[in-house]
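Working notes, structure below.
No lab work stands behind these numbers, since they all come straight from the coordinates. The shown structure was predicted, so the numbers you read here are calculated from the model rather than taken from an experiment. In this analysis, Cβ positions are derived from the backbone assuming ideal geometry, glycine residues included, and neighbour counts consider all displayed protein chains.
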Amino acid sequence: MNHYSFEYSYLILLLIPILYCLYRCKEHVKPRFFVHLQFLSAKKNLLKLEWIVKIVIFTLLCIALASPIVVDKLNPLNRHGKDIVLAIDASGSMNASGFDMEDEVSNGERLSRFDITKLIATEFIQKRESDNLGIVLYGDFAFIASPITYEKNMVVDMLSYLTHGMAGQNTAIGEAVAMSVRAFKHSKAKTKIIILLTDGEHNSGSISPKDAIKLAQDENIKIYSIGMGNKGEADEALLRKIADESGGEFFSATSAKELKSVYEKIDELESSKIKSREYLLKNYYYHLFLLLALLFLLFLLYREIRK
């Protein structure tokens, strides 16, 4: 949300003495001699064009001195931070419950692994103040659920609509990585990151994990992989390989609490440059008022030359 302001608003008060001086100072007038002086008025014509233009010029100069700005309170200064894609497993196994036992993440509710993942991912998204984020959902196949964008609310809303099984019951890890790489097609960020989460093994899709890793390497994309669930459920060897060969790191989580800690750890490893929503982005417009003042001044000079 933008609003208009002045950085040095008190300088506008300079208009008061300036306008007073303009009114009181007499103009130099070439003397003319008349017999009947009573027919002439000694009062200054306030509507005289030159006088109005002078008022406009000094007004514009005072406004320029006050430094008019447009302030954006909601957006951080650096909109071009890191680009991050969350590749989330939505296969049939993600419907399993019990992952939230002895945790406070679900507030006592019996949630599925997928629901808990959405809650923790939402919290992670909202923390990434200066970054762009997107979501890839995968099962038998992968698709971009939300393109990479700075609009965090849109990403969170889209995430809330997703359900397990939307992309099938199996786990196509290779396609998940490949589709995540495709999501960076128009990215200009220096740092590109995929957070790949799964609770299973690669058993579907036409793209192998090996080929998908090569795609990520070619685009200089780092992958953090997360194996969630009980020991042996996720293919930790494959996930570790994906992370190592892309310059990322592998994590495992056997509970909601551990999964939350993993996202917090990734947040620390890939810290966002700007953490405060209160940072103000200021756009300065004083030069526009200086330009207008110059144009009016040139107009005055032109009239003087024509006289």
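Here the extension length gained between residue 245 and residue 268 equals 6.2 nm, from 0.36 nm per residue of separation less the Cα-Cα distance. Rounded, prolate or oblate for segment 222-268? Axes are the square roots of the Cα gyration tensor eigenvalues, ordered a ≥ b ≥ c, and the cut-off for rounded is a/c under 1.5. Oblate.
Packing around the peptides 178-185, 251-258, taken as the average count of other Cβ atoms within 10 Å per residue, puts them in this order, highest first: 178-185, 251-258.
Close amide H pairs (under 5 Å, H built 1.01 Å from N) link residue 248 with 223, residues at least 5 positions away or on another chain. Taking label points 7 Å from Cα along the Cα-to-Cβ direction, residue 261 and residue 96 give a separation of 2.0 nm. Among 218, 235, 211, a tally of other beta-carbon atoms within 10 Å of each Cβ gives an order, fewest to most, of 218, 211, 235.
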